[in-house]
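Laboratory data are not the source of any read-out in this text; all were calculated from the coordinates shown. Quick caveat, the model's predicted, so the values are computed rather than measured. All Cβ positions, even for glycine, are placed from backbone atoms using ideal geometry, and neighbour counts span all protein chains on display.
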Amino acid sequence: MIVLNIIFYIFGIIIPSVIILLSVFVYKKNIKRNTLISVIIFLLFYILKVGGYNLMFKNKVTKDNDNVAKETINTNTEENNEESIEEENIENSNENDVKENIEDNKSNNNTNNNSSNNNTSNKNNNEVTTKPNNVSNNENSKVEYIDGVPYIDGLIIVNKTYELPKDYVPKNTYKEAGSAEYCSTCLDIDTYENFQMMKSDALALGLNLWIQSGYRSYTLQQKLYNNYVSRDGVEAADRYSARPGHSEHQTGFAFDLNTITDSFQYTDEGKWVNENAYKYGFILRYPKEKESITGYKYEPWHLRYVGKDLATILYNNGNWITLEEYYNLTSTYSN
Ligand SMILES: [Zn+2]
């Protein structure tokens, strides 16, 4: 992809620009004709670039029918790349890309308002509330509920066992989530800033990272999950999509990178992320061969911010440890 970009910039942009500049300022003739030629050259190389991307992209996509990934694959690979360069555009582009799911089930028990979702603060001001039925005593000693939000060591814990209140909206975010259903930049400020650092370090190596899916509201997650259930059934949907209230995307501390496909793991970006994300405080939340522990299939694209210290421990020299293993937690629905 980098080669395509270089070819495009040299032949598609620089050469036509030089032709126009020469004819306007140096030769001062045939300006119209030369401009037309330049535009044609630009378009030719642009088409070449887009065509090249699509070709490369198609070759990499796995053909697993069961793969959630396909939900977010679209023919906009090219556009997504452009967007990742211009931050401002990110969130506008993604509404169509998100397709997750779950059944219309559990509205949750925790109706407390969610004034505190700063990971570390407010512990002392809030009462600790009850736990879900299927949590073992052992876990109960570690997990505390602050305004209905489950925490361990100041870290929000969300999986199939632990859920967020329906009205939980992340605070201290780069962009305010408000009533947005979906927003790539409505992420916790540390999460967002560390992503920006990771992105720019990756870019210096010629790797292009962008947020495909960031914050998602309870309501949106409900719609997505329902769609998946009607398409694939509950059992299959539960392997790749969280039920509403159980999605890390509602926390503001998690996001999906680039293309939500299994093939992401084989891209230069996917390999680099797997080896380096922990340096920026991110973990691969659903590592390979941990489905029985996390409750989800391998998701090379889904990162969760936990801070550098814990991320380094969980990275474990490339042999990822899950949050469930580290804190000895279950991840199963109670019904
Ligand atoms: Zn995700």
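Annotations for the structure displayed:
- Pairs spanning more than 20 Å between alpha-carbon atoms, out of 166/199; 175/297; 28/49; 223/271; 29/49; 160/288: 166/199; 175/297; 28/49; 223/271; 29/49.
- Relative contact order (percent, whole number), region 123-327, Cα cutoff 8 Å, 6+ residue spacing: 17
- ³J(HN,Hα), Karplus 6.51/-1.76/1.60, whole Hz, each residue of region 9-19, x for Gly, Pro: 5, 6, 7, x, 10, 5, 4, x, 4, 5, 4
- Cα convex hull, region 141-241: 140 Å³ per residue, rounded to a whole number.
- Order of 149, 18 - criterion: other Cβ atoms within 10 Å of each residue's Cβ, fewest first: 18, 149
- Applying the Karplus relation 6.51 cos²θ - 1.76 cosθ + 1.60 with θ = phi - 60° to region 215-222 yields 3J(HN,Hα) values of 6, 9, 6, 3, 4, 5, 4, 4 Hz, where x marks Gly and Pro.
- Proximity of backbone amide H atoms, modeled 1.01 Å from N, is registered between residue 213 and 256 at under 5 Å, excluding neighbours fewer than 5 places apart on the same chain.
- Table column - 3J(HN,Hα) (Hz), region 277-294, Karplus curve with 6.51, -1.76, 1.60, x for Gly and Pro: 4, 4, 5, 9, x, 9, 10, 6, 5, 10, x, 4, 6, 10, 4, 5, 9, 7
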